[in-house]
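Here is the structure we will look at, set down as structure tokens.
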Amino acid sequence: MIRLPLAALAALAVLAVAAPLAMAQDANLARNLAATCANCHGTNGAARGDMKVLAGVKAETLVALMNDYRTGSQPATIMHQISKGYTDEQIRLIAGYFAAQQPRK
């Protein structure tokens, strides 16, 4: 029988408890990141009025648009600044979230 030091057992116990918590947070990461867009683009990207609707737009289209804002090739009042605050992975998560939403009818 292999004997593990008490510190190693304690570390394994912490990992066993922490791993599911981290995974639960990651499961909501895309939604949480996308929630920051609600002020302008509406809840779940279902904008009203003149604002761009994000719900149901292909993820590839949204990623390309965000990259255009980042580079300045797409004119904007604020999106060029906002887009620079996200990593490429975060932008992919946000775009995937909005692509999965149903547009308002």
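All of (1) in a helix (DSSP H, G or I); (2) in contact with a His (Cβ under 6 Å, 6 or more places away or on another chain); (3) not aromatic (Phe, Trp, Tyr) hold for Glu60 with one exception: (2). Per the conditions (1) in a helix (DSSP H, G or I); (2) modelled with pLDDT under 95; (3) more than 12 Å from the chain's Cα centre (by Cα); (4) of a type in the set (Asp, Glu), the sole criterion not satisfied by Asp26 is (3).
Of all the criteria given as (1) on the phi > 0 side of the Ramachandran plot; (2) at pLDDT below 95, the one not satisfied by Gly72 is (2). Looking only at residues of the range 67-79 that are closer than 21 Å to Gly49 by Cα and not hydroxyl-bearing (Ser, Thr, Tyr), we find that the one that is farthest from the chain's Cα centre (by Cα) is Pro75.
Consider Ala99 carefully, then state whether it is surrounded by 13 or more Cβ atoms within 10 Å (Cβ to Cβ) and modelled with pLDDT of 95 or more. Walk me through it before giving the result.
Details: surrounded by 13 or more Cβ atoms within 10 Å (Cβ to Cβ): yes; modelled with pLDDT of 95 or more: yes.
So Ala99 passes the test.
Anything in the range 59-71 that is touching a residue at least 12 places away in the same chain (Cβ under 8 Å) and either charged (D, E, K, R) or touching a strand residue (DSSP E or B) at 6+ places or on another chain (Cβ under 9 Å) (or both)? List them, or say none. Glu60, Arg70 - these are the residues of the range 59-71 that are touching a residue at least 12 places away in the same chain (Cβ under 8 Å) and either charged (D, E, K, R) or touching a strand residue (DSSP E or B) at 6+ places or on another chain (Cβ under 9 Å) (or both).
The condition (being of a type outside the set (A, V, I, L, M, F, W, C), free of Cβ contacts under 8 Å to residues at least 60 places away in the same chain and not in a helix (DSSP H, G or I)) is satisfied by just one residue among Gln74, Gln90: Gln74.
The values are calculated or read from the model by the stated rules, or taken from the named source; none is laboratory data. All of these numbers come straight from a predicted model, not from anything done at the bench. Ideal geometry is used to build each Cβ from the backbone, glycine not excepted, and the neighbour counts take in all protein chains shown.
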